[in-house]
Number of protein chains: 2
Amino acid sequence: MLKQIASILEDKIYNSLKEQVEKYSSLTAEEWSSFSSYWEPCTFRKNQYMTKAGQVENWFYFVYDGVLRLYAAKDGEEINAGFTYNNDFSGEYASFLSQEPTEFYIQAITDCSLLRISYKNLMYMFDELKCIERFGRQFNAKILIDMAKRQLESRSFTAEEKYKRLLTQSPHILQLVPQKHLASYLGMTPETFSRLRAKVR
Amino acid sequence: MLKQIASILEDKIYNSLKEQVEKYSSLTAEEWSSFSSYWEPCTFRKNQYMTKAGQVENWFYFVYDGVLRLYAAKDGEEINAGFTYNNDFSGEYASFLSQEPTEFYIQAITDCSLLRISYKNLMYMFDELKCIERFGRQFNAKILIDMAKRQLESRSFTAEEKYKRLLTQSPHILQLVPQKHLASYLGMTPETFSRLRAKVR
DNA sequence: TTGATTTCTTGATGTAGATCAAGTCGTGTT
DNA sequence: AACACGACTTGATCTACATCAAGAAATCAA
């Protein structure tokens, strides 16, 4: 009985993954069946580390439920580089791709439920299935486009402008992520973030 | 006679392209023959614009000879985002991939000699040849890894540290690109750049 | 529930780097 | 050769945001 419930939930998780993959490349039923067999469920508890600096990222993750943060530690201070929520892909992707040690930590902000595929298996899928090779290309393209946008924004806007843009463009994030992390993400101190909050309110 | 010289030069250019493509994915002779037929030579004169803000980037370029700079214009001020030299690929790649209007300009810093392939033809090649789809994925991965590195560096280092890193890691660039553009690339004013030059010297 | 941490707020002060300004050097043009 | 215009330098001043500090609020753990 409990097993049945668990299995229904698992179906839902795999369906969410399929939906996201198909945003980048469409798969036949057989292709999906093959591809999905390489993904395995995993979970992280709040505050647990998914990846730590110095490691080579071995997994490419799909977040079914939960919130994670990506940050680098530079002489004691944390530089938050991004967050992932439900239905995002996650992991330290640059290290995963280059198979070189990462400078980043990924930590669960809440309990998380995910699927993951190993580097070896994903590379195998790239070789075997053109639709997956395409998924890889398109997904890389998407990440790249987002990074280029963010990079320009971080250069063009003042602290106040960045705060306001966050407010209008991703208001949900304020509920999910502690302010100090958001401040760091926007490239300012928690004090500045707090003052802007008071000012704009 | 002149035609022969031109044709020998053109062979050299295509060979350089082949060499770079094969860094990402290996091609058989026939695959290369097909792929290379979609690339056409083109040139830009010093100061000429390859791409302007508002346009959708239609071309993916390979720089055989010359230097180009990529910059965005934010209320009158230029934000330099990158440079390309010999044997680099070039173009406003995020706009090329997304086929949405770019916010960037690309300007020739010197006379340039390039090859280029249109969006339509590259997409066609992605469909036709798995080795090219792979090239696309791997190239995207490389760009992405570089961007992630640069993003972290721009956050972690002071103006002086960034200047010193430029000095040790890409000293050649100082000869090729005017200081004011390098200053902007590092996220500081020309005055600050000049003062650091004096200080470090 | 209560005490202990951690996060957030608010004020006072400090500073890296920007801005403004004026001169010098270099380079291309006629 | 001369001159015009942009690139670079150097100094004086300014400012957005950081840092330091101390209290208030929220969250956590038993």
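The values are calculated or read from the model by the stated rules, or taken from the named source; none is laboratory data. Please read all numbers here as calculations on a predicted model, not as lab measurements. Counting neighbours? That spans all protein chains shown, and the Cβs are built from the backbone with ideal geometry, glycine included. Heads up: the accessible areas ignore ligands, DNA and RNA and are worked out on the full protein's heavy atoms, side chains in. Shrake-Rupley method; radii C 1.70, N 1.55, O 1.52, S 1.80 Å.
Looking for whichever is on the phi < 0 side of the Ramachandran plot, under 16 Å from the mean Cα position of the chain (by Cα), open to solvent by 40 Å² or more (accessible area, probe 1.4 Å) and of a type in the set (D, E, K, R) here; the options are B:LYS74, B:LYS46. Which one fits? Quick ask: steps written out before the conclusion?
Numbers: B:LYS74 fails: under 16 Å from the mean Cα position of the chain (by Cα).
On inspection, the qualifying residue turns out to be B:LYS46.
Checking every residue in segment B:59-76 against the condition of being in contact (Cβ under 8 Å) with a residue 40 or more places away in the chain and within 14 Å of another protein chain (Cβ to nearest Cβ) gives at least one match. Selection of segment B:176-201 for residues being more than 8 Å from DNA strand D (Cβ to nearest atom), of a type outside the set (D, E, K, R) and open to solvent by 60 Å² or more (accessible area, probe 1.4 Å) yields B:LEU176, B:THR189. Test A:GLN20 against the stated conditions and say whether it is modelled with pLDDT under 95 and either open to solvent by 40 Å² or more (accessible area, probe 1.4 Å) or under 22 Å from the mean Cα position of the chain (by Cα) (or both). No.
Take B:GLU133 and tell me if it is closer than 17 Å to A:GLN151 by Cα, within 9 Å of another protein chain (Cβ to nearest Cβ) and without any contact (Cβ under 8 Å) to a residue 60 or more places away in the chain. Quick ask: steps written out before the conclusion?
Values: closer than 17 Å to A:GLN151 by Cα: no; within 9 Å of another protein chain (Cβ to nearest Cβ): yes; without any contact (Cβ under 8 Å) to a residue 60 or more places away in the chain: yes.
For B:GLU133, the condition - closer than 17 Å to A:GLN151 by Cα, within 9 Å of another protein chain (Cβ to nearest Cβ) and without any contact (Cβ under 8 Å) to a residue 60 or more places away in the chain - is not met.
I'd like to know if segment B:181-189 contains one or more residues that are within 11 Å of DNA strand C (Cβ to nearest atom), out of contact with any Leu (no Cβ under 8 Å at 6 or more places or on another chain) and on the phi > 0 side of the Ramachandran plot. Yes, that holds for at least one residue.
Test of understanding: among A:LEU152, A:LEU114, which residue is buried (at least 16 other Cβ atoms within 10 Å of the Cβ) and more than 11 Å from chain B (Cβ to nearest Cβ)? Give the steps one after another, and end with the answer.
On the way: A:LEU152 fails: more than 11 Å from chain B (Cβ to nearest Cβ).
Being buried (at least 16 other Cβ atoms within 10 Å of the Cβ) and more than 11 Å from chain B (Cβ to nearest Cβ) holds for just one of A:LEU152, A:LEU114, which is A:LEU114.
Can you tell me which residue is farthest from DNA strand D (Cβ to nearest atom) among those in segment B:155-175 that are open to solvent by 50 Å² or more (accessible area, probe 1.4 Å) and aliphatic (A, V, I, L, M)? Here the residue is B:LEU167. Between A:ASN121, A:ASN140, the distinction of being open to solvent by less than 60 Å² (accessible area, probe 1.4 Å), away from DNA strand D (no atom under 12 Å from the Cβ) and more than 10 Å from every other protein chain (Cβ to nearest Cβ) belongs to A:ASN121 only.
Before we move on, is A:LEU115 in contact (Cβ under 8 Å) with a residue 60 or more places away in the chain and touching a Pro at 6+ places or on another chain (Cβ under 7 Å)? Step through it out loud before you land on a result.
Working: in contact (Cβ under 8 Å) with a residue 60 or more places away in the chain: yes; touching a Pro at 6+ places or on another chain (Cβ under 7 Å): yes.
Criteria met by A:LEU115.
Quick grid of which residues meet (1) part of a helix (DSSP H, G or I); (2) more than 16 Å from DNA strand C (Cβ to nearest atom); (3) free of Cβ contacts under 8 Å to residues at least 40 places away in the same chain; (4) within 30 Å of B:LEU129 (Cβ to Cβ):
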| position | (1), (2), (3), (4) |
| --- | --- |
| A:LEU122 | yes, yes, no, yes |
| A:ASP127 | yes, yes, yes, yes |
| A:ASP146 | yes, yes, yes, yes |
| A:GLU161 | yes, no, yes, no |
